[in-house]
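Colleague: Sharing a structure here in structure tokens format.
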Amino acid sequence: MSSAATKMSAQGKAEGAPAVPPQKKEPASQERNTSASPAEPSPPGLLVAQATHSDIPDICALYKKIWEEFKGKIPNEFEKTWQPTPLEFTSQMEGVTFFAARRDRRLIGILGCSMADGSARIVHVAVEPEYRKQGVGRALLMSGIEWAKKANAASLWTEPLTRFAHAISLFKKLGFHETGVFHKHLWKEDVQLLEMVL
């Protein structure tokens, strides 16, 4: 994903950030990950850009569609998180940079990133079911990785439910490593901790 296609947060955290000083070369087995994986072009017709307030109705509709897919399969307590109202989602945008994936102007995926204490976190990833396994999730994650690097984050981490093996597999393909599991952490669901050192 080119830096031109990925926009920075309104807070401008990465703009004007000091350059990272050169580091001492570490042995090959301990080298820091400076690239997620070989660059692959985004799928044809896919545009990933920072989400704006005008995207909120489409984002809420996407979450509703995804919730319907999992309703009855995961605890109902997730419903409030996965079906925010436009007002609730507006408040979620505070301190979080969201990227929206569109194909033919239709919003088909969303990813959110936040910064705290020098580390970045992926807080939301969602792709419309009919567009999965077509490079949309990868393009969104590459935007998040690029955003974290520009924000001078030391690492990027996330915590998907362990039942989402397909998402965990994608994170690993892009260079994330398992760092642990929180058992029965979210409404009795296990959570997989994944981290990428940047």
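The values are calculated or read from the model by the stated rules, or taken from the named source; none is laboratory data. For clarity, every value in this text was computed on a predicted model and none was experimentally measured. Note that each Cβ is placed from the backbone with ideal geometry, even for glycine, and that neighbours are counted across all protein chains shown.
Colleague: I'd like the full set of residues that are touching a Gly at 6+ places or on another chain (Cβ under 8 Å) and closer than 21 Å to PRO44 by Cβ, limited to the stretch 145-157.
Modeller: Across the stretch 145-157, there are no qualifying residues.
Colleague: Let me ask you something else. Name every residue in the stretch 173-189 that is at pLDDT below 95 and either assigned to a strand (DSSP E or B) or among the basic types (Lys, Arg) (or both), in order of residue number. Quick ask: steps written out before the conclusion?
Modeller: Taking the stretch 173-189 as the starting set, the residues that turn out to be at pLDDT below 95 are 178-189.
The answer is GLU178, THR179, GLY180, VAL181, PHE182, HIS183, LYS184, HIS185, LEU186, LYS188, GLU189.
Colleague: Answer with yes or no whether GLU69 is surrounded by fewer than 19 Cβ atoms within 10 Å (Cβ to Cβ), in contact (Cβ under 8 Å) with a residue 40 or more places away in the chain, touching a Phe, Trp or Tyr at 6+ places or on another chain (Cβ under 8 Å) and under 26 Å from VAL181 (Cα atoms). Step through it out loud before you land on a result.
Modeller: Working: surrounded by fewer than 19 Cβ atoms within 10 Å (Cβ to Cβ): yes; in contact (Cβ under 8 Å) with a residue 40 or more places away in the chain: yes; touching a Phe, Trp or Tyr at 6+ places or on another chain (Cβ under 8 Å): no; under 26 Å from VAL181 (Cα atoms): yes.
Answer is no for this residue.
Colleague: In the stretch 53-103, which residues are closer than 23 Å to LEU161 by Cβ, of a type in the set (Lys, Arg) and at pLDDT 75 or above?
Modeller: Correct list: LYS64, LYS65.
Colleague: In the list ASP117, ASP104, ASP190, which residue meets the criterion of being surrounded by fewer than 18 Cβ atoms within 10 Å (Cβ to Cβ), within 21 Å of ALA51 (Cβ to Cβ) and among the charged types (D, E, K, R)? Reasoning before the result, please.
Modeller: Working: ASP117 fails: within 21 Å of ALA51 (Cβ to Cβ); ASP190 fails: within 21 Å of ALA51 (Cβ to Cβ).
Going through ASP117, ASP104, ASP190 in turn, the sole match is ASP104.
Colleague: Give the residues of the stretch 145-198 that are over 17 Å from ALA126 (Cβ atoms) and among the basic types (Lys, Arg), sorted by residue number.
Modeller: Of everything in the stretch 145-198, those that are over 17 Å from ALA126 (Cβ atoms) and among the basic types (Lys, Arg) turn out to be LYS149, LYS150, LYS172, LYS173, LYS184, LYS188.
Colleague: Please go through (1) within 29 Å of ALA154 (Cα to Cα); (2) modelled with pLDDT of 70 or more; (3) part of a loop (DSSP other than H, G, I, E, B) for PRO22 and return the number of the only condition it doesn't satisfy.
Modeller: Only one criterion is unmet by PRO22, namely (2).
Colleague: Okay, moving on. Can you list residue pairs whose Cβ atoms sit under 8 Å apart, with the first residue in the stretch 86-101 being under 15 Å from ASP55 (Cβ atoms) and the second being modelled with pLDDT of 90 or more and assigned to a loop (DSSP other than H, G, I, E, B)? Count only pairs 6 or more apart in sequence or on different chains.
Modeller: Every condition considered, the pairs that remain are MET93/ALA51; PHE98/ALA51; PHE99/ALA51; ALA100/ALA51.
Colleague: Picking from LEU140, LEU194, which residue would you name as being in a strand (DSSP E or B) and either under 15 Å from the mean Cα position of the chain (by Cα) or at pLDDT 95 or above (or both)?
Modeller: Values: LEU140 fails: in a strand (DSSP E or B).
Exactly one residue qualifies, and that residue is LEU194.
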